[in-house]
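The values are calculated or read from the model by the stated rules, or taken from the named source; none is laboratory data. The structure presented is a predicted model; accordingly, all values stated were derived computationally and were not measured. Virtual Cβ from ideal backbone geometry, glycine too; neighbours counted across all protein chains shown. Side chains are part of the model used for accessible areas, which takes the heavy atoms of the whole protein and leaves out ligands, DNA and RNA. Shrake-Rupley method; radii C 1.70, N 1.55, O 1.52, S 1.80 Å.
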Amino acid sequence: MEVTEILERASLEALAPEWRLLVESGGDMSPFLSPDWLLPWQDSFLAGGPWTLAVRNAGQLVGLAPFFIYRHPDGARQVTFLGNGISDRLDLLAAPGESNGVADAVLSHLANRRELWDLWDFR
(Lines give C-alpha, C1' and ligand atoms only; values in the text may rest on other atoms or scores of the structure.)
Protein backbone atom coordinates (compact mmCIF):
# COMPACT_ATOMS: atom_id res chain seq x y z
CA MET A 1 0.00 0.00 0.00
CA GLU A 2 1.17 3.49 -0.85
CA VAL A 3 0.52 6.49 1.41
CA THR A 4 0.39 10.01 0.01
CA GLU A 5 0.26 13.16 2.13
CA ILE A 6 -2.33 15.77 1.15
CA LEU A 7 -1.25 19.17 2.44
CA GLU A 8 -3.53 21.62 0.65
CA ARG A 9 -7.26 22.16 0.65
CA ALA A 10 -7.38 22.16 -3.18
CA SER A 11 -5.71 18.74 -3.31
CA LEU A 12 -8.13 17.41 -0.72
CA GLU A 13 -11.08 18.80 -2.69
CA ALA A 14 -9.74 17.15 -5.87
CA LEU A 15 -9.88 13.83 -4.02
CA ALA A 16 -13.56 14.35 -3.10
CA PRO A 17 -15.14 12.09 -5.80
CA GLU A 18 -12.97 9.09 -4.80
CA TRP A 19 -13.44 10.00 -1.13
CA ARG A 20 -17.25 9.94 -1.51
CA LEU A 21 -17.08 6.49 -3.13
CA LEU A 22 -14.95 5.28 -0.23
CA VAL A 23 -17.48 6.60 2.32
CA GLU A 24 -20.38 5.01 0.42
CA SER A 25 -18.60 1.65 0.15
CA GLY A 26 -18.21 1.39 3.92
CA GLY A 27 -21.86 0.72 4.71
CA ASP A 28 -21.76 1.97 8.31
CA MET A 29 -19.71 5.08 7.57
CA SER A 30 -20.82 8.29 9.24
CA PRO A 31 -21.77 11.37 7.20
CA PHE A 32 -19.25 13.17 9.40
CA LEU A 33 -16.52 11.35 7.45
CA SER A 34 -17.59 12.66 4.06
CA PRO A 35 -15.98 15.48 2.12
CA ASP A 36 -19.36 17.20 2.19
CA TRP A 37 -18.91 17.67 5.95
CA LEU A 38 -15.15 17.85 6.39
CA LEU A 39 -14.28 20.31 3.61
CA PRO A 40 -16.68 22.99 4.95
CA TRP A 41 -15.46 22.18 8.49
CA GLN A 42 -11.91 22.88 7.31
CA ASP A 43 -13.00 26.18 5.73
CA SER A 44 -14.72 27.25 8.95
CA PHE A 45 -12.38 26.03 11.68
CA LEU A 46 -8.91 25.27 10.33
CA ALA A 47 -6.44 28.11 9.96
CA GLY A 48 -3.84 25.95 8.19
CA GLY A 49 -4.07 23.11 5.73
CA PRO A 50 -4.82 19.44 6.16
CA TRP A 51 -2.31 16.69 6.75
CA THR A 52 -4.49 13.97 5.30
CA LEU A 53 -3.11 10.57 4.37
CA ALA A 54 -4.51 8.87 1.28
CA VAL A 55 -3.87 5.13 1.10
CA ARG A 56 -3.85 3.46 -2.31
CA ASN A 57 -3.55 -0.14 -3.36
CA ALA A 58 -2.65 -0.65 -7.03
CA GLY A 59 -3.62 2.98 -7.66
CA GLN A 60 -7.09 2.70 -6.12
CA LEU A 61 -8.02 4.75 -3.05
CA VAL A 62 -8.65 2.17 -0.31
CA GLY A 63 -8.21 4.35 2.76
CA LEU A 64 -8.13 7.88 4.04
CA ALA A 65 -6.92 9.37 7.30
CA PRO A 66 -8.40 12.89 7.30
CA PHE A 67 -5.94 14.52 9.71
CA PHE A 68 -4.54 17.94 10.43
CA ILE A 69 -1.80 19.03 12.79
CA TYR A 70 -2.99 21.35 15.55
CA ARG A 71 -0.41 23.53 17.24
CA HIS A 72 -1.07 23.97 20.95
CA PRO A 73 -0.29 27.32 22.60
CA ASP A 74 2.76 25.68 24.21
CA GLY A 75 4.03 24.72 20.74
CA ALA A 76 3.17 21.01 20.87
CA ARG A 77 2.01 19.63 17.50
CA GLN A 78 -0.98 17.29 17.72
CA VAL A 79 -2.22 15.03 14.95
CA THR A 80 -6.01 14.89 15.08
CA PHE A 81 -8.96 14.27 12.79
CA LEU A 82 -10.52 16.95 10.63
CA GLY A 83 -13.92 17.65 12.18
CA ASN A 84 -12.61 17.44 15.73
CA GLY A 85 -14.78 19.15 18.32
CA ILE A 86 -18.19 19.27 16.62
CA SER A 87 -18.50 15.99 14.72
CA ASP A 88 -20.19 12.95 16.18
CA ARG A 89 -17.95 10.27 14.70
CA LEU A 90 -14.46 10.54 13.30
CA ASP A 91 -12.32 7.65 12.12
CA LEU A 92 -10.06 6.27 9.43
CA LEU A 93 -11.89 5.36 6.27
CA ALA A 94 -11.21 2.01 4.65
CA ALA A 95 -12.69 0.08 1.78
CA PRO A 96 -14.36 -3.22 2.72
CA GLY A 97 -11.73 -5.81 3.56
CA GLU A 98 -8.94 -3.21 3.74
CA SER A 99 -9.26 -2.00 7.36
CA ASN A 100 -6.20 -3.78 8.76
CA GLY A 101 -3.98 -2.86 5.83
CA VAL A 102 -5.09 0.78 5.90
CA ALA A 103 -4.57 1.04 9.67
CA ASP A 104 -1.11 -0.53 9.37
CA ALA A 105 -0.15 1.81 6.51
CA VAL A 106 -1.36 4.91 8.38
CA LEU A 107 0.36 3.97 11.65
CA SER A 108 3.58 3.13 9.84
CA HIS A 109 3.48 6.47 8.02
CA LEU A 110 2.86 8.31 11.29
CA ALA A 111 5.88 6.57 12.80
CA ASN A 112 8.04 7.40 9.77
CA ARG A 113 7.04 11.09 9.93
CA ARG A 114 7.55 11.44 13.69
CA GLU A 115 9.48 14.68 13.21
CA LEU A 116 6.23 16.45 12.25
CA TRP A 117 4.24 15.80 15.42
CA ASP A 118 4.57 15.51 19.18
CA LEU A 119 1.29 13.83 20.17
CA TRP A 120 -1.95 12.59 18.72
CA ASP A 121 -5.62 12.61 19.69
CA PHE A 122 -7.84 10.18 17.80
CA ARG A 123 -10.99 10.35 19.93
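Considering only the stretch 110-121, I want to know if a residue exists there that is more than 22 Å from Leu22 (Cα to Cα), under 15 Å from the mean Cα position of the chain (by Cα) and at pLDDT below 95.
yes
Please state which one of Leu93, Leu39 is in contact (Cβ under 8 Å) with a residue 40 or more places away in the chain, open to solvent by less than 20 Å² (accessible area, probe 1.4 Å), of a type outside the set (Lys, Arg) and in contact with a helix residue (DSSP H, G or I) (Cβ under 9 Å, 6 or more places away or on another chain).
Leu93
Looking for whichever is outside any helix (DSSP H, G or I), modelled with pLDDT under 95 and either open to solvent by less than 20 Å² (accessible area, probe 1.4 Å) or touching a strand residue (DSSP E or B) at 6+ places or on another chain (Cβ under 7 Å) (or both) here; the options are Gly83, Gly49. Which one fits?
Only one candidate passes the filter, namely Gly83.
Quick one: which residue in Ser11, Ser30 is surrounded by fewer than 16 Cβ atoms within 10 Å (Cβ to Cβ), of a type in the set (S, T, N, Q) and farther than 18 Å from Gly101 by Cβ?
Selected residue: Ser11, the only one of Ser11, Ser30 that is surrounded by fewer than 16 Cβ atoms within 10 Å (Cβ to Cβ), of a type in the set (S, T, N, Q) and farther than 18 Å from Gly101 by Cβ.
Of a type in the set (Gly, Ala, Ser), surrounded by 15 or more Cβ atoms within 10 Å (Cβ to Cβ) and more than 16 Å from Trp117 (Cβ to Cβ), is that true of Ser44?
Against the criterion (of a type in the set (Gly, Ala, Ser), surrounded by 15 or more Cβ atoms within 10 Å (Cβ to Cβ) and more than 16 Å from Trp117 (Cβ to Cβ)), Ser44 does not qualify.
What about Asp74, is it open to solvent by 70 Å² or more (accessible area, probe 1.4 Å), part of a loop (DSSP other than H, G, I, E, B) and out of contact with any strand residue (DSSP E or B) (no Cβ under 7 Å at 6 or more places or on another chain)? Working first, answer last.
Working: open to solvent by 70 Å² or more (accessible area, probe 1.4 Å): yes; part of a loop (DSSP other than H, G, I, E, B): yes; out of contact with any strand residue (DSSP E or B) (no Cβ under 7 Å at 6 or more places or on another chain): yes.
Answer is yes for this residue.
Being more than 15 Å from Arg56 (Cα to Cα) and assigned to a loop (DSSP other than H, G, I, E, B) is the filter here; which residues of the stretch 86-123 pass it?
Here is the first cut: in the stretch 86-123, the residues more than 15 Å from Arg56 (Cα to Cα) are 86-91, 110-123.
Across the stretch 86-123, the qualifying residues are Ile86, Ser87, Asp88, Arg89, Leu90, Asp91, Arg113, Trp117, Asp118, Phe122, Arg123.
Taking the stretch 52-71 as the region of interest, how many residues are in a loop (DSSP other than H, G, I, E, B) and open to solvent by 60 Å² or more (accessible area, probe 1.4 Å)? Spell out how you get there, then give the answer.
Taking the stretch 52-71 first, the residues in a loop (DSSP other than H, G, I, E, B) are 58-59, 66.
Next cut, open to solvent by 60 Å² or more (accessible area, probe 1.4 Å) only: 58.
Residues in the stretch 52-71 being in a loop (DSSP other than H, G, I, E, B) and open to solvent by 60 Å² or more (accessible area, probe 1.4 Å): 1 in total.
I need a count of the residues in the stretch 11-52 that are within 17 Å of Ile69 (Cα to Cα) and among the aromatic types (Phe, Trp, Tyr).
The number of residues fulfilling the criteria is 3.
Being in contact with a Pro (Cβ under 7 Å, 6 or more places away or on another chain) and of a type in the set (Gly, Ala, Ser) is the requirement here; does Ala94 meet it?
Taking the combined requirement at face value, the residue does not satisfy it.
Among the residues of the stretch 1-36, what is the count of those that are acidic (Asp, Glu), assigned to a loop (DSSP other than H, G, I, E, B) and over 13 Å from Pro50 (Cα atoms)?
Qualifying residue count, the stretch 1-36: 1.
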